[in-house]
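These notes are about the structure you will find just below.
Bear in mind that the values in this text are calculations on the coordinates, not laboratory data. Just so it is clear, the model here is predicted, and its values are computed rather than measured. All Cβ positions, even for glycine, are placed from backbone atoms using ideal geometry, and neighbour counts span all protein chains on display.
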Amino acid sequence: MERIPPSGTFKMFELANRLESEGKRIFHFEVGQPDFPTPDNIVKAGVDALKQGFTRYTSSRGIPSLLQAVETFYGKRDIDIDGGKNVIITPGAKMALFQGFLSTIDAGDDVLILAPGWPTYRVMARTASAKPVDVNTKPGYELDEEALKNAIDKSVTALVISSPNNPTGGILTTEQLKIIFDLAVDHDFAIFSDEIYEAIVYDGNIQPSMLEVDPYLERSLVINGFSKTYAMTGWRLGFAVGNEETIDNMVRIQQNTTSCATSFVQHAGVEALGGDQSSIIQMVKDYQQRRDVITDLMNKIPGVSCVNPQGAFYVFPDFSAVGLSSQTLAELLLQKAGVCSTPGIVFGKKYDSHLRFSYAASITDIQEGIAVLAEFLLNLY
Ligand SMILES: Cc1ncc(COP(=O)(O)O)c(C=O)c1O
C-alpha cells in the first residue's frame with residue numbers, strides 16, 4: 001500500500017465537500033468530469049437494454065456489436081482495425097490502462113511518463129512493481145525530444161502519453177507522435193497512448209491518434225473511453241485498441257478480475273459511438289467558450305500566466321510569483337476563498353508552482369470563481 005498514495009484530486013474534493021456541508025460557498029474546479037448530463041439517446045439505449053434483459057455476464061472481450069462499433073468508429077477515420085481481435089471493452093479507460101500495464105510491464109522496469117501527467121499513471125506503474133520516471137515537456141505539453149532521448153535507457157519498457165493532455169490541455173502533433181514512435185521502435189519500448197480526451201479539441205483542430213502513426217500496432221496500446229466525450233463518467237465504460245497478443249493478455253486479466261464491462265452499459269456504448277453526435281459537438285463548443293473565458297481571466301491576474309489549452313477541459317496556470325508550494329496554495333485558496341483546484345505537484349515534481357482548474361463548470365461559476373481567486377491573490381500579495 002506504500003506504493004499507492006491517496007488521490008490528490010479526491011483529497012481536495014473531500015475537503016471541499018466538508019466545507020460545503022458547513023455552509024461555505026465552494027467553486028468546484030478540481031474534479032475532471034463533464035457537468036453535462038449523458039445525452040438522451042445514450043440513456044435511452046441503456047434503459048432499453050436493461051428492459052430487454054441484458055443483465056448477464058458478457059464475453060470478457062466485450063459484446064460483438066460494441067467491438068464492431070469501435071472498428072467502425074476508427075474506420076470512419078481510415079484507421080483499419082479488427083474489432084474482434086484488436087479491441088477490448090473495459091469498465092472505464094482506467095481499467096483498460098491498468099490491464100495494459102499489468103500485461104506489459106515487469107517488476108523493475110522503468111516506465112516513462114510524459115509530464116505533466118495524470119497521477120494515476122505513476123501509481124499504476126508502481127502497482128506493477130515498475131519505476132515511473134517523468135519526462136518533462138515544454139510549456140503546453142510540447143514534446144522535448146532531447147529530454148525524451150536522454151531518459152531512454154535499457155530499463156525503459158514503456159512510455160505513457162496523453163493527448164489532449166490532462167492537466168495542460170496541450171496536444172501532441174502527428175510529427176511529435178512520429179518521433180515518439182520511431183524512438184519506441186529503435187529502443188524497443190511500448191507506448192500507452194491515452195486518447196480519452198481526443199474528441200474535446202478546439203479551434204477546428206483534430207487530435208491525431210497514435211493508431212495513424214502505428215497502423216500495424218507494433219508498439220502502441222491506445223486507451224479510450226466514454227467518460228469524457230459522452231459525459232458518461234459514472235457508467236464506467238472504456239476500451240483499448242492494441243495488437244492481438246496484448247489484447248488477448250488483457251482479456252485474460254479481465255476474465256479473472258472484473259469479468260466484463262456492465263452488459264447494458266455496453267449497449268449504451270453502441271449508441272454513443274454510432275448514434276447522433278450533435279450533442280457532443282455542442283458540448284465541445286461550450287467547452288471552447290469556457291476555455292476562452294477562463295484563460296483570458298487567468299491571464300489578466302497579475303503574476304499568473306496561463307497557456308491557452310488546445311483540448312480537454314483543464315487550464316494549468318503558473319503561480320510562481322506567489323512563491324508558495326502548490327499544495328499550500330491550493331489549500332489556502334480553498335479554505336480562505338472557497339475556490340477548489342488541484343495542486344500541480346500531483347502531476348509531476350516540476351509543476352509545484354501550478355494549479356489545475358477544470359472548467360467543466362458553468363460560465364457564471366467560472367467568472368465568479370476566478371474573480372474570487374484574483375481578489376484572494378491581491379490580498380495575499
Ligand atoms: C487522462 C485520463 N485518462 C483516463 C481517465 C479515466 O477515464 P475513465 O473514467 O474512462 O476511467 C481520466 C479521468 O480523469 C483521465 O483524466
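Overview of results
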| quantity | calculated |
| --- | --- |
| Over the chain, volume per residue of the alpha carbon convex hull, in Å³ | 138 |
| Between helix 244-255 and the chain: long-axis angle, C-alpha atoms, 0 to 90°, nearest 10 | 80 |
| Per-peptide average of other Cβ atoms within 10 Å, ordering 301-310, 101-110 highest first | 301-310, 101-110 |
| Stretchable slack from Asn205 to Lys350, in nm (0.36 nm times residue separation minus alpha-carbon distance) | 49.4 nm |
| FRET efficiency estimate (nearest 0.05) - Cβ-Cβ, Tyr57 to Phe13, R0 51 angstrom | 0.95 |
| The chain: angle of helix 326-337 to the longest principal axis, Cα-based, in degrees nearest 10 | 60 |
| Cα centroid separation - the stretch 37-68 against the stretch 283-315, whole Å | 35 |
| The chain - mean residue ellipticity at 222 nm from DSSP helices (-39,500 (n - 2.57) per run, n ≥ 4, rounded to 500) | -13500 deg cm²/dmol |
| For Phe10, Phe192, order by how many other beta-carbon atoms lie within 10 Å, fewest first | Phe10, Phe192 |
| Most to least packed among 317-328, 258-269 [average Cβ atoms within 10 Å] | 258-269, 317-328 |
| Nearest 10 degrees, 0 to 90: helix 8-21 Cα axis against the chain principal axis | 60 |
| Largest-first principal axis extents of the Cα set of the stretch 54-274 (Å) | 51, 42, 30 |
| Two-site FRET efficiency, Asp296 against Arg3, from Cβ-Cβ distance with R₀ of 30 Å, rounded to 0.05 | 0.15 |
| Size of electric dipole in the stretch 258-381: Cβ of Lys, Arg +1 and of Asp, Glu -1, about Cα centre, debye, nearest 20 | 300 |
| Extension gain from Thr364 to Thr257, taking 0.36 nm per residue of separation minus the Cα-Cα distance | 34.2 nm |
| Pairwise FRET efficiency - Ser65 versus Asp153, Cβ, R0 = 56 Å, nearest 0.05 | 0.80 |
| Mean Cα-pair separation over length for the chain, i.e. relative contact order, pairs under 8 Å, 6 or more apart, % | 24 |
| For Leu329, Leu114, order by how many other beta-carbon atoms lie within 10 Å, fewest first | Leu329, Leu114 |
| Cut-off of 10 Å, at most 14 other beta carbons, DSSP loop: longest stretch of the chain lacking such GluC sites (Glu not before Pro) | 23-217 |
| Set of the stretch 41-59 residues, backbone N closer than 14 Å to the point 7 Å along the Cα-Cβ line of Asp276 | 41-45 |
| Residue among Gln52, Gln367, Gln335 with the largest mean-square fluctuation in a Gaussian network model of the chain, springs linking Cα atoms under 10 Å | Gln52 |
| Listed residues Asn308, Gly275, Ala158: farthest to the positive end of the dipole of the chain (Cβ charges) | Gly275 |
